Amino acid sequence: MQATAEIAERISSISVSSTMKVAADADRLRREGVDVVDFGAGEPDFPTPGNIKQAAVDAIKANFTKYTNAGGTPELKEAICERHRQDFGTNYSPSECLVTVGGKHAIFNLVQALINPGDEVIIPLPYWVTYKDVVNYAGGKCVFVETDEKNGFEVTAALIERHLSPRTKLVIINSPSNPSGAVIPKDEFRKIFELTSRRDVFLMTDECYCHFVYEDHPFSIAALPGATETVVVAGSLSKTYAMTGWRIGFALAPPPIINAMLKLQSHSTSNPTSIAQKAGLEAMRGPQDSVPEMLAEYRRRRDFVVQRLLDIPGVSITKPKGAFYAYPNISVAFKSGRVKNSLDFSTELLAKSHVAVVPGEAFGTNDHIRISYATSMGELERGLDRLQRFIDSLR
Ligand SMILES: Cc1ncc(COP(=O)(O)O)c(C=O)c1O
């Protein structure tokens, strides 16, 4: 029997995460001794704050090492609701909260719990890679909404309205956006919410980068009156508290949706790691100073990266308003015909100049690359020098 022929069809409806593929390729080169500058990784270069790490050490010492409730401990759910209330003025209770194994898990569980085969899910483009695959896995139909690069890839209610149909079940919004860094202004976000609630469509707001906004105050659409009925918050501690490896995320949603997600979670991962939950509790309840500190550093890096990219003739970029990614248009490099698209470009850039970036293709646009500036200024300088030389070599 051929093992490949036996793989279930639903697995062939999804692809390998391109960001993880870039990380693996860069890692392989590094292990061969190559000096790679890594702009691929979508994770903070800062360590997890000391108080959070200490909470995990204390949890181990106190033998908090057994199963917990599959949906997370009551005290962590309480703390997540309280933090969301303090930060954004929402009013969730623990019965509307599920603790998950990272934010990705919250999104996966939500989509599996909500989407029937043939249901349409609206996904603005460029999109974070995972949305498309989890919708495909559920048998749903992705309906992509193209945003305007000249308008900084901003999603608008009018754009979404044009793509709604009687089959639309869910709209996914990610602001600030991975990969573009676009932030939807509060008024526009309100219009999106009003549109989806009027049309009885669920709105998932992926708040993974919600604390990293440069030009405005963070807000959550879930704070609007009536929002808790149709809005689902997918949250993550990964980026906000530099906790990517701990795998703690959450969902805030109406209880029937939370219960459906919990049912699935109870048969798959069961509880998120007990020790990591204690660390998450400290992140929610402890000092919050590390968040503005990281934000200030990301802003400094963003300004540097954007200026350096604009200094490369033919490269264009709208200044990202949030998250920690730059998404420049590098199609000027295709003119000579030696590289034809963002995948060729990224592959050659890694092979010849040893800089890892993610091709725009992974996010649904072909003229761009994603540069993560969650790395030191020294690395940014080195990598951008190499990128500039690489583009010059293609002219
Ligand atoms: C837009 C977006 N949402 C959600 C996540 C999920 O993060 P995690 O599963 O680490 O919480 C990521 C991670 O890169 C992301 O970029």
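The values are calculated or read from the model by the stated rules, or taken from the named source; none is laboratory data. None of the values given here were measured: they were computed from a predicted structure. Backbone-built Cβ (ideal geometry, glycine too); neighbour counts: all protein chains shown. The protein model used for the area step is the full one, side chains on, heavy atoms only, and it has no ligands, DNA or RNA in it. Shrake-Rupley method; radii C 1.70, N 1.55, O 1.52, S 1.80 Å.
Side notes on the structure shown:
- Any hit, the stretch 304-322, residues being under 22 Å from Val357 (Cα atoms) and within 14 Å of the ligand (Cβ to nearest atom): yes
- Take the conditions (1) open to solvent by 10 Å² or more (accessible area, probe 1.4 Å); (2) part of a helix (DSSP H, G or I); (3) away from the ligand (no atom under 13 Å from the Cβ); Asn91 misses just one of them, which is (2).
- Residues in the stretch 41-55 that are under 16 Å from Tyr298 (Cβ atoms) and either in a helix (DSSP H, G or I) or within 15 Å of the ligand (Cβ to nearest atom) (or both): Ala41, Gly42, Glu43, Pro44, Asp45, Phe46.
- Test for Arg301: is it under 23 Å from the mean Cα position of the chain (by Cα), more than 18 Å from Glu78 (Cα to Cα) and part of a helix (DSSP H, G or I): yes
- Residue satisfying all of: in the stretch 161-182; under 20 Å from the mean Cα position of the chain (by Cα) and away from the ligand (no atom under 13 Å from the Cβ); surrounded by the most Cβ atoms within 10 Å (Cβ to Cβ) among these: Val171
- With respect to being surrounded by fewer than 19 Cβ atoms within 10 Å (Cβ to Cβ), touching a helix residue (DSSP H, G or I) at 6+ places or on another chain (Cβ under 6 Å) and not in a loop (DSSP other than H, G, I, E, B), Glu78 fits the description.
- Qualifying residue in the stretch 367-383 (condition: within 18 Å of the chain's Cα centre (by Cα), surrounded by fewer than 24 Cβ atoms within 10 Å (Cβ to Cβ) and more than 15 Å from Gly42 (Cβ to Cβ)): no
- In the set (1) at pLDDT below 95; (2) touching a helix residue (DSSP H, G or I) at 6+ places or on another chain (Cβ under 7 Å); (3) not in a helix (DSSP H, G or I), Glu361 fails one condition alone, (3).
- Per this entry, Lys132 is not counted among residues that are within 12 Å of the ligand (Cβ to nearest atom), touching a strand residue (DSSP E or B) at 6+ places or on another chain (Cβ under 9 Å) and basic (Lys, Arg).
- None of Leu349, Leu295 is part of a helix (DSSP H, G or I) and within 23 Å of Asp25 (Cβ to Cβ) except Leu349.
- Look at the stretch 321-339: where a residue is part of a loop (DSSP other than H, G, I, E, B) and a partner is open to solvent by 40 Å² or more (accessible area, probe 1.4 Å) and hydrophobic (A, V, I, L, M, F, W, C), sitting 6+ places away or on another chain with Cβ atoms under 9 Å, you get Pro328/Leu310.
- Check on Gly33, within 15 Å of the ligand (Cβ to nearest atom), assigned to a loop (DSSP other than H, G, I, E, B) and not basic (Lys, Arg): no
- Only listed residue being open to solvent by 10 Å² or more (accessible area, probe 1.4 Å), of a type in the set (Lys, Arg) and closer than 23 Å to Phe212 by Cα, chosen from Arg299, Arg386: Arg299
- Just so you know, in the stretch 244-256 the residues that are under 16 Å from Glu207 (Cβ atoms) and more than 14 Å from the ligand (Cβ to nearest atom) include one that is nearest to the chain's Cα centre (by Cα), and it is Leu252.
- Candidate set from the stretch 97-113 (those that are open to solvent by 10 Å² or more (accessible area, probe 1.4 Å) and over 20 Å from Ala283 (Cβ atoms)); member that is farthest from the ligand (Cβ to nearest atom): Ala113
Every residue, every condition in (1) within 21 Å of Leu110 (Cβ to Cβ); (2) at pLDDT 95 or above; (3) among the charged types (D, E, K, R); (4) open to solvent by 40 Å² or more (accessible area, probe 1.4 Å), yes or no:
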| site | (1), (2), (3), (4) |
| --- | --- |
| Thr196 | yes, yes, no, no |
| Asp200 | yes, yes, yes, yes |
| Val213 | no, yes, no, no |
| Asp216 | no, no, yes, yes |
| Ser236 | yes, yes, no, no |
| Lys239 | yes, yes, yes, no |
| Arg247 | yes, yes, yes, yes |
